[in-house]
Amino acid sequence: MEYSVEHISSAVETAIKSLSFPTTAPRLFEPVRYTLESGGKRLRPVLLLAVYAALSRKDIDDAMKQALGIEIFHNFTLLHDDVMDNADIRRGRPTVHRRWNQNAAILSGDAMLTYASMLMGCCPADKLAAVITCFNDTAMGVYEGQQLDMEFERRNDVTVGEYLEMIKLKTSVLLAGACSIGAIMADAPDDIRSKLYEYGLALGIAFQLQDDWLDTYGDPAIFGKEIGGDIVNRKKTWLLITALNESDGDLADILREDLSDHELVAQVRRVYDRLNLRERCSALAEEYSQKAIKALESVEMDADARNFFTELAKQASTRAH
C-alpha cells in the first residue's frame, strides 16, 4: 500500500468517474456529477481508506464504497450550504443553484444524501449496523454544527468554547467519522476505533483553525482567494471571537463603522496584531495537531502508515492553502 494523499485520492477520483446513477430521471443527477467533478481535497475518503489499509493491510477497494459515500455526503452538505448562504461560487465554478436553480439544488442534494447512504450500506452484514450507526451519528453532528454556525451569525457574544464545539461538529466529526468507518471496515477493536476517532476530531479542529488563520494572514497567490473575506463577512472565527472578547470594545466599534472592505480588513488586522492573535491562533492549531498525533500512540500500524497520519496532522496546522 502506498501511503500518500495523491495516490489514494487518485483512486477515489477514478472511482467517482465510474459511478453509475439511475437513468429514470437523468437531469436529477446532472448537478450531482457537476458537484463531484469540481474536485476538492478528498480528505475524508482518503482518511477512511488510509485507516482501513493501515489496520487491515488489505486492498483499499474493499472499502471504496464507504469512502465514496462519505465524499458524496460531504459534497451534499456543501451543496445545501451554498443554498442557505446564497453563495455564487464554489471551487471556482457557479454553485448548483446558480447554474440550475434552487429547486434543482435542493432535490439533487437530497438524492446525494440518499445515494451516500446506499453506498454506506454496501458492506458485509456483520459490519452493517456499526457502519450505518456511525454514519448517521456523524451526519446528525454535521447538521447540529451548521445550525450553531447559523445562530452565531446573529450573536456577538459567542465564546471561544462555543466556537470550538461548533467547528468540532460542523467540520471535525466528518473526519472522525471517516476514520471510525475505516476502522469498522477493518474489524478494528473498539478501543482502536476510539483512538482513530480522537485523531480525526483533533485533525479537523487544527484544519479549521488554520483555515481561519489563512483567510486573514495567508498569501492570496497560494491560498487561492482574496484575503480577509471572513472579516468582511463578519464571520465568527477564532480570531474574530477572541478579539471581540479581548479588545475592550475596540473591534466592535470598528465593525459598526461604514468602511471600505480594504480599510475594514486593515483595521481589524491591527487589532488582531495588537492582541498577538496571529501567533496565538497558529499555536492553538499546532496544539490540536499534536493532540491528533498523540491519539495514535497506542494504535499499532506499520512505519509508513504512522508517518502518513503524522505528516497529515502536521500539515493541518502548517498548510498554506
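The values are calculated or read from the model by the stated rules, or taken from the named source; none is laboratory data. Keep in mind it's a predicted model, so treat the numbers as computed, not measured. Glycine also receives a Cβ, built like all others from the backbone with ideal geometry; neighbour counts cover every protein chain displayed. Just so you know, the surface numbers come from the protein's heavy atoms only, side chains and all, with ligands and any DNA or RNA stripped out. Shrake-Rupley method; radii C 1.70, N 1.55, O 1.52, S 1.80 Å.
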Show the residue pairs meeting these rules: Cβ distance below 7 Å; 6+ apart or different chains; first residue within segment 76-95 and touching a residue at least 24 places away in the same chain (Cβ under 8 Å); second residue open to solvent by 40 Å² or more (accessible area, probe 1.4 Å) and in a strand (DSSP E or B).
78/90
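Quick check on this structure: which one of 188, 139 is more than 15 Å from residue 237 (Cβ to Cβ), in a helix (DSSP H, G or I) and modelled with pLDDT of 95 or more?
Working: 188 fails: in a helix (DSSP H, G or I).
Matching residue, one of 188, 139: 139.
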How about segment 132-147: which of its residues are open to solvent by less than 20 Å² (accessible area, probe 1.4 Å) and either within 19 Å of residue 193 (Cα to Cα) or more than 17 Å from the chain's Cα centre (by Cα) (or both)?
134, 135, 138, 139, 141
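Does residue 180 satisfy being of a type in the set (S, T, N, Q), modelled with pLDDT of 95 or more and closer than 25 Å to residue 57 by Cβ? If you could, list the steps in order and put the result at the bottom.
Details: of a type in the set (S, T, N, Q): yes; modelled with pLDDT of 95 or more: yes; closer than 25 Å to residue 57 by Cβ: yes.
Against the criterion (of a type in the set (S, T, N, Q), modelled with pLDDT of 95 or more and closer than 25 Å to residue 57 by Cβ), residue 180 qualifies.
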Selection from segment 75-131 of residues exposed (fewer than 14 other Cβ atoms within 10 Å of the Cβ), within 23 Å of the chain's Cα centre (by Cα) and hydrophobic (A, V, I, L, M, F, W, C) yields 84, 89, 118
Output the residue which, of all residues in segment 199-231 that are of a type in the set (A, V, I, L, M) and modelled with pLDDT under 95, is surrounded by the fewest Cβ atoms within 10 Å (Cβ to Cβ).
221
Report whether or not residue 276 is more than 20 Å from residue 214 (Cα to Cα), open to solvent by 40 Å² or more (accessible area, probe 1.4 Å), at pLDDT 95 or above and not charged (D, E, K, R).
no
Condition set out of contact with any Leu (no Cβ under 9 Å at 6 or more places or on another chain) and hydrophobic (A, V, I, L, M, F, W, C), scope segment 66-105, selection farthest from residue 38 (Cα to Cα): answer is 84
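Just the residues that are in a loop (DSSP other than H, G, I, E, B) and touching a residue at least 60 places away in the same chain (Cβ under 8 Å), please, taken from segment 17-31. Full working, then the answer.
As a first pass, look at segment 17-31 and keep what is in a loop (DSSP other than H, G, I, E, B): 18-25, 29.
Listed by number, the residues that qualify are 21, 29.
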Scan segment 188-200 and give yes if some residue there is over 19 Å from residue 47 (Cα atoms) and among the aromatic types (Phe, Trp, Tyr), otherwise no.
no
Return the residues of segment 45-63 that are closer than 20 Å to residue 117 by Cβ and crowded, with 21+ Cβ neighbours inside 10 Å; say none if nothing qualifies.
45, 47, 48, 49, 52, 63
Just name the residue that is most open to solvent (accessible area, probe 1.4 Å) out of those in segment 1-16 that are touching a residue at least 24 places away in the same chain (Cβ under 8 Å) and outside any helix (DSSP H, G or I).
1
Show the residue pairs meeting these rules: Cβ distance below 8 Å; 6+ apart or different chains; first residue within segment 123-135 and farther than 14 Å from residue 179 by Cα; second residue assigned to a helix (DSSP H, G or I) and open to solvent by 60 Å² or more (accessible area, probe 1.4 Å).
123/65
Which of the residues that make up segment 159-198 are surrounded by fewer than 21 Cβ atoms within 10 Å (Cβ to Cβ) and either touching a strand residue (DSSP E or B) at 6+ places or on another chain (Cβ under 6 Å) or more than 23 Å from residue 290 (Cα to Cα) (or both)?
159, 187, 189
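Would you be able to tell me the number of residues in segment 272-321 that are within 21 Å of residue 60 (Cβ to Cβ) and either in a helix (DSSP H, G or I) or within 22 Å of the chain's Cα centre (by Cα) (or both)?
So in segment 272-321, the residues within 21 Å of residue 60 (Cβ to Cβ) come out as 296, 299-313, 315.
Next, from what is left, pick out any that are either in a helix (DSSP H, G or I) or within 22 Å of the chain's Cα centre (by Cα) (or both): 296, 303-313, 315.
The number of residues fulfilling the criteria is 13.
Looking only at segment 219-239, count how many residues are in a loop (DSSP other than H, G, I, E, B), farther than 13 Å from residue 158 by Cα and not hydrophobic (A, V, I, L, M, F, W, C). Walk me through it before giving the result.
Residues of segment 219-239 that are in a loop (DSSP other than H, G, I, E, B), as a first pass: 219, 224-228, 233-237.
When the remaining residues are screened for being farther than 13 Å from residue 158 by Cα, the result is 219, 224-228, 233.
Checking the rest, the ones that are also not hydrophobic (A, V, I, L, M, F, W, C) come to 219, 224-226, 228, 233.
Residues that pass the stated criteria total 6.
Listed here are the residues, each with its yes/no results for (1) of a type in the set (Gly, Ala, Ser); (2) modelled with pLDDT under 95; (3) over 18 Å from the mean Cα position of the chain (by Cα); (4) closer than 19 Å to residue 171 by Cβ.
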{"site": "3", "(1), (2), (3), (4)": "no, yes, yes, no"}
{"site": "7", "(1), (2), (3), (4)": "no, yes, yes, no"}
{"site": "12", "(1), (2), (3), (4)": "no, no, no, no"}
{"site": "24", "(1), (2), (3), (4)": "no, yes, yes, no"}
{"site": "40", "(1), (2), (3), (4)": "yes, yes, no, yes"}
{"site": "52", "(1), (2), (3), (4)": "no, no, yes, no"}
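Can you name the residue in segment 148-158 that is open to solvent by less than 70 Å² (accessible area, probe 1.4 Å) and among the acidic types (Asp, Glu) and is also nearest to residue 306 (Cα to Cα) among such residues?
Pass one, segment 148-158, residues open to solvent by less than 70 Å² (accessible area, probe 1.4 Å): 148-152, 155, 158.
Keeping just the survivors that are among the acidic types (Asp, Glu) gives 149, 151.
Values: 149: 34, 151: 39 Å.
Filtering first and then ranking leaves 149.
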